[in-house]
Amino acid sequence: MGTLGGAGLAAAVAASRARTLGMEGERRASQARSSGLPAGGADGESPGGSAPFPGSSGSSALLQAEVLDLDEDEDDLEVFSKDASLMDMNSFSPMMPTSPLSMINQIKFEDEPDLKDLFITVDEPESHVTTIETFITYRIITKTSRGEFDSSEFEVRRRYQDFLWLKGKLEEAHPTLIIPPLPEKFIVKGMVERFNDDFIETRRKALHKFLNRIADHPTLTFNEDFKIFLTAQAWELSSHKKQGPGLLSRMGQTVRAVASSMRGVKNRPEEFMEMNNFIELFSQKINLIDKISQRIYKEEREYFDEMKEYGPIHILWSASEEDLVDTLKDVAGCIDRCCKATEKRMSGLSEALLPVVHEYVLYSEMLMGVMKRRDQIQAELDSKVEALTYKKTDTDLLPEEIGKLEDKVECANNALKADWERWKQNMQNDIKLAFTDMAEENIHYYEQCLATWESFLTSQTNLHLEETSEDKP
Amino acid sequence: MEQTPPDPERQLQPAPLEPLGCPDAGLGAAVGKEAAGAGEEDSGVDTMTHNNFWLKKIEISVSEAEKRTGRNAMNMQETYTAYLIETRSVEHTDGQSVLTDSLWRRYSEFELLRNYLLVYYPHIVVPPLPEKRAEFVWHKLSADNMDPDFVERRRIGLENFLLRIASHPILCRDKIFYLFLTQEGNWKETVNETGFQLKADSRLKALNATFRVKNPDKRFTDLKHYSDELQSVISHLLRVRARVADRLYGVYKVHGNYGRVFSEWSAIEKEMGDGLQSAGHHMDVYASSIDDILEDEEHYADQLKEYLFYAEALRAVCRKHELMQYDLEMAAQDLASKKQQCEELATGTVRTFSLKGMTTKLFGQETPEQREARIKVLEEQINEGEQQLKSKNLEGREFVKNAWADIERFKEQKNRDLKEALISYAVMQISMCKKGIQVWTNAKECFSKM
């Protein structure tokens, strides 16, 4: 591990720039154990009065942080006063909110334009063919005004595997934060080919969302791997990927996790029990809503297909009717216009509602994983406490270990709690927006159809009036 | 064999029976005028004084349907539906109606009535019956004849059938029709006693005529093509409409699932809960609104179906014409050959091969007396033939004239009715859209309050 001082510097610098919109947790300075840092305000703004460290905006300090692979938002306390052993790959980001609920000052998902300093777009999917495989890369353009970035604009190409890697790193670094979900590897039903245009487009949009959600997350946005992902050239990224704990150690962690997660569940604090209940129910409901929404889309598509055939029959009919030609042709025209309106409604659904609902399906899976990881961290503590209680092993070092683990658990819990509130807020906004959009699409659809048929009716009435006035002697 | 203008016996006698006025149904508003002019139908039969009869109007309704069990001709138990037919006479002055007759009939009796009318009025486009079995169904509707919705729609169809006949200038005066409305018992026997089944043209004969007729009236040929096209296009339209209805049903009903899930979800949400719950309620409303919408559309489909079946009635008139024309052509041909035979016998030349000629060669010439006898017979036959040809010609022309008059009447009715149906379809769509706008506006409000 690198110099702690540098890390602390980096953390402080990060603090001065931390955006706490929607995130009420980052009052690192406000807790009792902190030292050397100014107390943060309670209004969610980054402390303007925090003493700028010399060279704080220099990239050199940050380079050290990068090497450390630390999360800049880490509690300085942990950096200065605690053992460096805490800075392992399972490091977490502790956030000590004074009062979480009072920190909810922002309900918009997107940051205010004037506060956002990292803009990412994902576009231009391209197919690459090698002798071994074919795959798609996506162009990622990053525009930023942040000092820690070498330049203000970056353009890289990444493939799905790279996104998977990034997600994995984020989960490792922040086991109890709610990491945004990635679109699925494959979609089981409905897709025959991986490279179907619709599939690629849906994935592209989801990947775009993924990166932007990370960028808007107060903690994750400063993650080093994230930065590398956005900026490194292909070869740089692959060499960077090779660093870090090997496959075996990660596997070991998984085994431990499975073994101990059950224990963690038993001693789960009340609020996390509630959270878990919510997650379970939410997961059920959002999955159902996902299915329902997909089904509606399918039914609308089939309705549209049938409607396409319906109008032309009236035209065909008009060919054999002299007196009804105009009426029949007009009816055909109305049906065709309603057909187009249906098409528009469908595309609105697939753009506004379906991706959002599906993202939250993936989020619900993610949440369950977060719960498990929290439980696992707790289980580690519990097993040590148990060992101490029953004096199973050599208990000299135990109290110290237990102390560290207690801190770890507390940090993990607080991180989750804070992120949970933020996530819930976002979820409510997103769901509300998505369904409001859906309602809007439907209203618009019916309004269009109404106008079509009403004008038909008017023209028929006018014709009738003309005819009857002609008949009059 | 061929049908002369309607049998005087079947026409209504002025007394003691109440003359059958033509009801003031929405159909055939110009009936009064036509009815008066239809007096020419019973040419030579002065059983009516015309205009006075149309002062009394009647209302016919098929007001109820009832499931019944009974024994059929083979003494086996069967279930069938009976329909109550009520006839009211309306006083012209005050518009009050008085129930004059009410009886129950089943579908097969309606069929009998129609078959009778087809035989006795071949020059009329006889209104069709509603379908015997449900066709063009979409999944929600059952194809079961006992299904209440089907029975209801059939009831309406049967009422429509009777009203069409009652508003037809010629058909409305038929006695059997009158008895159908008034004589419950023995009506079937009465119909059968007319012997109409015997008078019916055989299908085979008609088919033969259709193939072999040489000079049918072009208008009828065109009419036949038109009726084929009409049948084909309406069938197609009804099929696609049924599929569209099916899909639309699916779209609406799936939204109902939102209602349930939102309600369950609202239980775990604090801030969003109320919005979700009430939005869910609107989704339920939306989902259930499709039932009424599609029921209305079914009536529209029935209106189209009537004209689908009318196509067959049109073809029946064309077939009749072809049959008569063929008959005429055959008679003319027969006459021509007889004349030729006669000529040959008279002049002694044998230009054509004949059996007589063969036998003459084989067995010897016939005597002059024999030949004279034969010529005489032939001349008689020729005379008869010429008379028959004349009357057939006359019949044929009468038929064409009368048929064409009714076809013109039919065309106008069809144009009016179909236009009205299409407009009513638009009205239905408008109503559906308005409902949709309302539900989704309410839902949107709930969502935005979440």
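The values are calculated or read from the model by the stated rules, or taken from the named source; none is laboratory data. Here the structure is a predicted model, which is why all the values come from computation and not from measurement. Please note: Cβ atoms are built from the backbone with ideal geometry, for glycine as well, and neighbour counts cover all protein chains shown. These area figures cover heavy atoms from the full protein model, side chains too; ligands, DNA and RNA do not enter into them. Shrake-Rupley method; radii C 1.70, N 1.55, O 1.52, S 1.80 Å.
Structure above, values below:
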| quantity | calculated |
| --- | --- |
| Number of positions in segment A:280-294 that are at the interface with chain B (Cβ under 9 Å from one of its Cβ atoms) and not β-branched (V, I, T) | 7 |
| Some residue of segment A:335-343 being of a type in the set (G, A, S), open to solvent by less than 10 Å² (accessible area, probe 1.4 Å) and either more than 30 Å from A:L416 (Cβ to Cβ) or part of a helix (DSSP H, G or I) (or both) | yes |
| Meets criteria (at pLDDT 90 or above and under 30 Å from B:K305 (Cα atoms)) for B:K401 | yes |
| Some residue of segment A:401-410 being in contact (Cβ under 8 Å) with a residue 12 or more places away in the chain, of a type in the set (D, E) and out of contact with any helix residue (DSSP H, G or I) (no Cβ under 9 Å at 6 or more places or on another chain) | yes |
| Residue match in segment B:125-134 (condition: of a type in the set (V, I, T), within 30 Å of B:E395 (Cβ to Cβ), modelled with pLDDT of 85 or more and in contact with a helix residue (DSSP H, G or I) (Cβ under 8 Å, 6 or more places away or on another chain)) | yes |
| Qualifying residue in segment A:373-385 (condition: at negative phi and within 14 Å of chain B (Cβ to nearest Cβ)) | no |
| Pairs with Cβ under 7 Å, 6+ apart, first in segment B:274-285 and within 12 Å of another protein chain (Cβ to nearest Cβ), second open to solvent by 30 Å² or more (accessible area, probe 1.4 Å) and at pLDDT 90 or above | B:G280/B:S263; B:H282/B:N442 |
| Filter result for the condition that a residue is part of a helix (DSSP H, G or I) and under 21 Å from A:L118 (Cβ atoms), over A:F199, A:F154, A:F163, A:F149 | A:F163 |
| Residue identified as assigned to a loop (DSSP other than H, G, I, E, B), at pLDDT below 80 and among the small types (G, A, S) among B:A73, B:A38 | B:A73 |
| Per-region count, segment B:172-205, residues farther than 17 Å from B:L117 by Cβ and in contact (Cβ under 8 Å) with a residue 24 or more places away in the chain | 2 |
| Hits in segment A:306-332 - residues which are polar (S, T, N, Q) and either touching a His at 6+ places or on another chain (Cβ under 9 Å) or touching a residue at least 24 places away in the same chain (Cβ under 8 Å) (or both) | A:S320, A:T327 |
| Hits in segment B:399-427 (condition: under 13 Å from B:Q303 (Cβ atoms), open to solvent by 40 Å² or more (accessible area, probe 1.4 Å) and more than 8 Å from chain A (Cβ to nearest Cβ)) | B:R416, B:E420 |
| Any hit, segment A:295-317, residues being part of a helix (DSSP H, G or I), within 13 Å of another protein chain (Cβ to nearest Cβ) and within 25 Å of A:E421 (Cα to Cα) | no |
| Residues within segment A:214-224 that are in a helix (DSSP H, G or I) and either over 17 Å from A:L182 (Cα atoms) or open to solvent by 10 Å² or more (accessible area, probe 1.4 Å) (or both), tallied | 2 |
| Of all residues making up segment A:424-464, the number that are open to solvent by less than 40 Å² (accessible area, probe 1.4 Å) and among the β-branched types (V, I, T) | 4 |
| Members of segment A:435-464 that are aliphatic (A, V, I, L, M), facing another protein chain (nearest Cβ under 7 Å) and under 34 Å from the mean Cα position of the chain (by Cα) | A:A439, A:I443 |
| Meets criteria (in contact with a Ser or Thr (Cβ under 9 Å, 6 or more places away or on another chain) and either surrounded by fewer than 20 Cβ atoms within 10 Å (Cβ to Cβ) or within 18 Å of A:S320 (Cβ to Cβ) (or both)) for B:D296 | yes |
| Residue check, A:K408 open to solvent by 20 Å² or more (accessible area, probe 1.4 Å), among the basic types (K, R) and within 14 Å of chain B (Cβ to nearest Cβ) | no |
| Any hit, segment A:411-423, residues being in a helix (DSSP H, G or I), at the interface with another protein chain (Cβ under 9 Å from one of its Cβ atoms) and hydrophobic (A, V, I, L, M, F, W, C) | no |
| Residue list for segment B:257-273, restricted to those being open to solvent by 40 Å² or more (accessible area, probe 1.4 Å), at pLDDT below 90 and more than 9 Å from every other protein chain (Cβ to nearest Cβ) | B:K270 |
| Condition met for B:V244 (crowded, with 18+ Cβ neighbours inside 10 Å, of a type in the set (A, V, I, L, M) and without any contact (Cβ under 8 Å) to a residue 12 or more places away in the chain) | yes |
| Residue list for segment B:56-73, filter: farther than 20 Å from B:K132 by Cβ, among the aliphatic types (A, V, I, L, M) and out of contact with any Gly (no Cβ under 9 Å at 6 or more places or on another chain) | B:I60 |
| The one condition in (1) surrounded by fewer than 20 Cβ atoms within 10 Å (Cβ to Cβ); (2) farther than 30 Å from B:I423 by Cβ that B:A279 fails to fulfil | (1) |
| From B:Y300, B:Y252, residue being within 25 Å of A:L433 (Cα to Cα) and of a type in the set (F, W, Y) | B:Y252 |
| Complete set of residues in segment B:429-449 that are open to solvent by 30 Å² or more (accessible area, probe 1.4 Å), within 9 Å of chain A (Cβ to nearest Cβ) and within 12 Å of B:D296 (Cβ to Cβ) | B:K435 |
| Matching residues in segment A:96-133 - criterion: being open to solvent by 50 Å² or more (accessible area, probe 1.4 Å) and at pLDDT 80 or above | A:F119, A:T121, A:E124, A:P125, A:E126, A:S127, A:H128, A:V129, A:T130, A:T131, A:I132, A:E133 |
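Matching residues to (1) open to solvent by less than 50 Å² (accessible area, probe 1.4 Å); (2) of a type in the set (G, A, S); (3) in contact with a His (Cβ under 8 Å, 6 or more places away or on another chain); (4) at the interface with chain A (Cβ under 9 Å from one of its Cβ atoms):
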residue	(1), (2), (3), (4)
B:S202	no, yes, no, no
B:T210	yes, no, no, no
B:T221	yes, no, no, no
B:I234	yes, no, no, yes
B:L238	yes, no, no, no
B:H255	yes, no, no, yes
